[in-house]
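Q: If you scroll down you'll find the structure; I have some questions about it.
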Amino acid sequence: MRFPGFVAHIIFLAFGGTVSACDLCAIYSASDARGESGDGLQFSVAEQFVSFHTLQFEGGEVTGANPDFMDSSITHLVPGYNFSRRLGVNLNVPLVHYSFQRSDARYSLTDPVAFYTERGTESGLGDAALIGRFAVLDVSHMKYGVVVNVLAGVKFPTGDASRLKDEAGQTRIFDALLPPGTPHDPLGHSISAVHQHDLAPGSGSFDGIMGLTVNSRWERWFFNCQFQYYWRTEGEATFQYGNELMLSGGPGRYVLLNERYTFSLQVNAAYETVARDRLFGRKSDRTEMTAWYAGPQVLFTWGTHLSAAAGADLPVRIENNGFQAVADYRVRGSVAWRF
């Protein structure tokens, strides 16, 4: 799962030469199309597909005869409104679709342990989030610009969290089967790399979101980076997902410039870490993950209204607790329109 070095070289292939005034106009318009300036209504559709077909135990890759897997597809519908250059708000409505296979054990107080394989899909509305934006720094000129946005919001329990009830129910039975006072993991009942909580579209919790974005440009070059932090609270059946920290970004360059459109290439790196989940107030040693990704991204703008982006992330390194399915790759794309 190493990141191929040639991709980084391809990203930095760009046209040389000086930047003409017309080029700078196109770059300036491209920033406007991406919503970095101006007010009014915006709407975007974003899709991310993640393949979880690699199985890891305590950070090392393992194989099996009938391996677990999950393919995750999440479509984000995001209407937004900028009240001014500095202040805006967005509503993120995710539509979730999971395709999976998992082999696990089911416990009963009266019957022996039953081993089974579950194959199927899980689809529906995920947890929606309302996020506000305030630009603490907005310097925008023809040749260069820097925009720093602070983000804050809340995630609502709009998604189906019924699988978390089953997770909690199996934990209660597993607790009852053990001798009193036996220390064990709250998710110790599961032997699958794909857990019930991995397949739940919703969490049943109100969670806090905070973030920071930095978008800078100088002539044909630009550098973007994003910071996001999710503060999780206790949700359905006392299940509490671990807090998440995400950092991503990298340099890029405009390689095609026109009064009507722009096309740019960017190399993107990402760092993500998820803390251990909790159930009945106890931390699980079968969760927690830290991952590093890298990959290319392309950006396209048409005039001052339409923008589109597509990219891929390849895992450079993934560390995890317990037995988990981890990402082989991630691909994403988005289209946005400024009214």
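Q: Within the range 36-75, take every residue that is among the small types (Gly, Ala, Ser) and either in contact with a helix residue (DSSP H, G or I) (Cβ under 8 Å, 6 or more places away or on another chain) or closer than 19 Å to ALA308 by Cα (or both) and give me the one that is modelled with the highest pLDDT.
A: Checked the range 36-75; the qualifying residue modelled with the highest pLDDT is SER73.
Q: Another question, then. With of a type in the set (A, V, I, L, M, F, W, C), in contact (Cβ under 8 Å) with a residue 12 or more places away in the chain and closer than 20 Å to TYR98 by Cα as the only criterion, which of ALA325, ALA291 stands out?
A: From the options ALA325, ALA291, the qualifying one is ALA325.
Q: Restricting to the range 207-222, what's the tally of residues that are touching a Lys or Arg at 6+ places or on another chain (Cβ under 7 Å), under 17 Å from ALA152 (Cα atoms) and free of Cβ contacts under 8 Å to residues at least 60 places away in the same chain?
A: Result for the range 207-222: 0.
Let's see how each residue does on (1) under 29 Å from the mean Cα position of the chain (by Cα); (2) loosely packed, with under 15 Cβ neighbours inside 10 Å; (3) over 21 Å from ARG286 (Cα atoms):
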site: ARG133; (1), (2), (3): yes, no, yes
site: VAL147; (1), (2), (3): yes, no, yes
site: ASP175; (1), (2), (3): no, no, no
site: HIS189; (1), (2), (3): yes, no, no
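Q: For the range 170-196, give me the residue count where each residue is under 27 Å from GLU122 (Cβ atoms) and in contact (Cβ under 8 Å) with a residue 12 or more places away in the chain.
A: Residues flagged as under 27 Å from GLU122 (Cβ atoms) and in contact (Cβ under 8 Å) with a residue 12 or more places away in the chain within the range 170-196 amount to 16.
Q: Looking only at strands (runs of 3 or more DSSP E) that fall completely inside the range 270-339, which ones have 2 or more residues that are out of contact with any helix residue (DSSP H, G or I) (no Cβ under 8 Å at 6 or more places or on another chain) and closer than 24 Å to ALA161 by Cα?
A: Hits in the range 270-339: 323-326.
Q: Then there's this: Pull up the range 122-176, narrow it to residues that are at pLDDT 95 or above and in contact with a helix residue (DSSP H, G or I) (Cβ under 7 Å, 6 or more places away or on another chain), then point me to the one that is nearest to ASP207 (Cα to Cα).
A: So the residue we want is ALA161.
Q: Take the residues in the range 223-247 that are without any contact (Cβ under 8 Å) to a residue 24 or more places away in the chain and more than 28 Å from GLN196 (Cα to Cα); name whichever of them is surrounded by the most Cβ atoms within 10 Å (Cβ to Cβ).
A: Result: GLN226.
Q: Restricting attention to the range 101-123, which residues are surrounded by 15 or more Cβ atoms within 10 Å (Cβ to Cβ), in contact (Cβ under 8 Å) with a residue 40 or more places away in the chain and either over 14 Å from PHE174 (Cβ atoms) or among the hydroxyl-bearing types (Ser, Thr, Tyr) (or both)?
A: GLN101, ARG102, SER103, TYR107, GLU122
Q: Right, something else. Determine, yes or no, whether VAL255 is more than 17 Å from the chain's Cα centre (by Cα), crowded, with 18+ Cβ neighbours inside 10 Å and either of a type outside the set (A, V, I, L, M) or assigned to a strand (DSSP E or B) (or both).
A: Here the answer is no, as VAL255 does not meet what is asked.
Q: While we're on this one: Has the range 301-313 got at least one residue that is modelled with pLDDT of 95 or more and either out of contact with any strand residue (DSSP E or B) (no Cβ under 6 Å at 6 or more places or on another chain) or β-branched (Val, Ile, Thr) (or both)?
A: No, the conditions are met nowhere in the range 301-313.
Q: Given the criteria over 24 Å from the mean Cα position of the chain (by Cα) and not aliphatic (A, V, I, L, M), does THR121 qualify?
A: no
Q: Among strands (runs of 3 or more DSSP E) lying entirely in the range 81-198, which contain 2 or more residues that are within 30 Å of TRP218 (Cβ to Cβ) and of a type in the set (D, E, K, R)?
A: The qualifying strands (runs of 3 or more DSSP E) are 129-140.
The values are calculated or read from the model by the stated rules, or taken from the named source; none is laboratory data. These numbers come from a predicted model, not from an experiment. Reconstructed Cβ throughout: ideal geometry from the backbone, glycine too, with neighbour counts over all protein chains shown.
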